[in-house]
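> The structure is given below, and queries will be raised subsequently.
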Amino acid sequence: MSILTIDFEASCLPRHGRSFPIEVGVAGDGVARSWLIRPHESWAGWDWTVEAEALHGLSQDRIAQDGQPVEIVLAELAACAVGRRVVADSLLDQGWLDTLASAAGVAAPFRIDHVATLFDEQAADEARIAAAVAYADAQGAVRHRAAGDALWLAAVIGHVAGMRPVPALLAAQ
């Protein structure tokens, strides 16, 4: 089973209030894709922080204008995940997937595994993980944007597994 990495950007971190997903990106087999998510009406009044906006560089106006409806994002995301193991480097990503699915009126179409589980399966020690992180950092992925972060994680996982993929951002917004 191939691996699909996933990353969400959000309106804020949960410690700063009720957060909602604003962008999701996936990467696998050297290809990445991302979607801006138009805020759902059920998220009205949820929190937005200037710190989060400064980190990912996405404004409320931009996601309202350029974002896709939650139903479309979730359907396309689910299609990308078919037959793949979905992995993230943050436990928060499952919560944002659940928030997205809830707004679309359905259950989350898949579960997200944490990358630590893969590291355990690969018996990767700290030195191997550090080498993989250094490799991924050298690939030049745009960090704190969903597709870039998903590509970065795919590079880490590939390096740990001995595959050393060359990330190629093909369809990121």
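> Mind jotting down a quarter of the surface of the convex hull over the alpha carbons of segment 1-105, in square nanometres, one decimal?
Over all viewing directions, segment 1-105 projects a mean Cα-hull area of 6.5 nm².
> Right, here's the next one. For segment 44-118, state which chymotrypsin sites (Phe, Trp or Tyr not before Pro) are in a DSSP loop and have at most 16 other beta carbons lying within 10 Å of their beta carbon.
Those that pass, being in a loop and sparsely packed, are Trp46.
> What is the extension gain from Ser42 to Glu76, computed as 0.36 nm multiplied by their sequence separation minus the C-alpha to C-alpha distance, in nm to one decimal?
Using 0.36 nm per residue and subtracting the Cα-Cα distance, I get 10.2 nm.
> If you scale each eigenvalue of the Cα gyration tensor by 5 and take the root, what three semi-axes come out for segment 71-173, rounded to whole angstrom and sorted largest first?
Three semi-axes, in Å: 26, 16, 11.
> For the chain, what does -39500 (n - 2.57) per DSSP helix run (n ≥ 4), summed and divided by total residues, give at 222 nm, in deg cm²/dmol to the nearest 500?
That calculation yields -13000 deg cm²/dmol at 222 nm.
> With the dipole of the chain worked out from charges on the C-beta (+1 for Lys and Arg, -1 for Asp and Glu) around the Cα centre, which of Leu97, Ile3, Ala130 lies farthest toward the positive end?
Ile3
> Could you check the simple spin-label distance between Leu55 and Asp113, using points 7 Å along Cα→Cβ, in nm with one decimal?
Label at Leu55, label at Asp113, 2.6 nm between them.
> Shifting gears a bit: Could you identify which residue out of Ala101, Ala127, Ala147 has the top mean-square fluctuation in a GNM of the chain using Cα springs shorter than 10 Å?
Ala127
Each reported figure results from applying straightforward, stated rules to the coordinates on display, with no laboratory input. This is a predicted model, so every value here is computed, not measured. When we count neighbours, we look across all protein chains shown, and the Cβ atoms used for this are built from the backbone with ideal geometry, even at glycine.
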